[in-house]
Structure formats: C-alpha cells, structure tokens
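Below is one structure, written out as structure tokens; the observations come after it.
The values are calculated or read from the model by the stated rules, or taken from the named source; none is laboratory data. Because the structure is a prediction, the values reported are computed rather than measured. Glycine gets a Cβ as well: all are built from the backbone with ideal geometry, and neighbour counts include every protein chain shown. Each accessible area value is taken on the protein alone, full model and side chains, heavy atoms only, with ligands, DNA and RNA left out. Shrake-Rupley method; radii C 1.70, N 1.55, O 1.52, S 1.80 Å.
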Amino acid sequence: RASAVLHDCFPPPAAWPAADGDAWQPWFEKLVADGRATRAVRSHQRELLCGAGVPPASSGADGTPTPQGMPELWVAAEHRSLVQAALPDAAPQPPLDLPESMRGEHESAKAVVELVRGQVACRGPVTAETIAATLGLRVERVAAALEALEGEGTVLRGRFSSDGAGNEWCDRRL
C-alpha cells in the first residue's frame, strides 16, 4: 500500500531526485520491482551543466551545490518517455518494458517545461539554479521553462523568501 501512495505522489509528470527520497526508499524499490518505476541515471555533467571543456563549478550562482555527478532521478513508468525527451542521456536503470501506449514521443523543450512544472508544484519558492541542479539541466533551459510557465499563469516570479537574493519562482497555488 505504501508504494502505491508513493507512486501517486510523483509530481505529474514525474522525475523526482533520489536524494530527496531516502525515507521512501523501500517503497520506491517495491515500485521498481513491480515495473512501475525506474531510475534515470545521467552521465554527462560536464557537457550539460558547464559546456564542453569547462570543469564543473563547486556551487551555482546562488550558492547551491553543483553535484559532482548527475543527479539520479526517480521516474514513474508512465512518464519515462517524457523524461527521455527532456534528458536524452538518461538511461533507465533498470530498463522498463513499456507497452506501446506508454512510449509516446515528446518535444524536448515541452518535456523540460513539464519536468520543471512538477518541481515548482512541490517545492515552494525556488530558484532556477536550484531546479537546474536538482534535475541536472542547464540553467538557461530551466529559466526558459519557468518563463513559459509564467506566461501560462502557473508560476509567479519574485522575491518570496526573506533571504532571497534573486528571482525566485513559486506555483501560484502555494
């Protein structure tokens, strides 16, 4: 039952940082064993986060630590194709044998918007840099996705935290 609750908690569409799920690990493992979830494991941090030939920084512009390896993401099976479109270098571990109905094709920029939407919906005030580090995306791609969501009226931009030094983003419902 707890694994079903965890599955329902994946923000739609789901890509959740494994680092945020320690308390849920046993239930996530059950979802993986049942073929209802997988891990998206990334490998090209230097190229994706910093550009070719530039060593990764130890922290982002807002002081958020930049991971030494790409973050591992938990992914619900029904969102695997969307995550693949946004993060083409992410390998599912373990691989999922998905039915044709779950193998839809998605445009990369739209897929990134959906992944960012899921993060903003669950995090409260957050910076583009934090979301970028969480998902292992370039800050520019996350900023473009946030601006698209702002255009929809889904997120608000401002300074919401007392210690906020720059633009923060927040789901308008929070």
*If each of ALA23 and ASP97 carries a label point 7 Å out from its Cα toward its Cβ, how far apart are those two points in nm?*
3.6 nm
_Computed accessible area, THR134, all protein chains, 1.4 angstrom probe, square angstrom_ = 20 Å²
*Want the number for ARG159 to ARG172: 0.36 nm per residue separation, take away the alpha-carbon distance, what's left?*
3.3 nm
*Under the Karplus relation 6.51 cos²θ - 1.76 cosθ + 1.60, θ = phi - 60°, what is the ordered set of whole-Hz ³J(HN,Hα) values for the range 145-152, x standing for Gly and Pro?*
5, 5, 5, 5, 5, 5, x, 6
*Karplus 3J(HN,Hα) series, Hz, for the range 75-91 with 6.51 cos²θ - 1.76 cosθ + 1.60 (x for Gly, Pro)*: 9, 5, 3, 5, 10, 4, 5, 5, 5, 4, 5, 7, 10, x, 8, 7, 9
*With a cut-off of at most 12 other beta carbons within 10 Å, and DSSP calling the residue loop, which trypsin sites (Lys or Arg not before Pro) in the range 103-174 qualify? Please list them.*
ARG103, ARG159, ARG172, ARG173
*What's the FRET efficiency of LYS110 with ASP89 using the Cβ-Cβ distance as r and R₀ = 25 Å, to the nearest 0.05?*
0.85
*asked:* Suppose the chain between ARG138 and LYS30 were pulled fully straight at 0.36 nm per residue; how much longer would it get relative to their current alpha carbon spacing?
replied: 35.7 nm
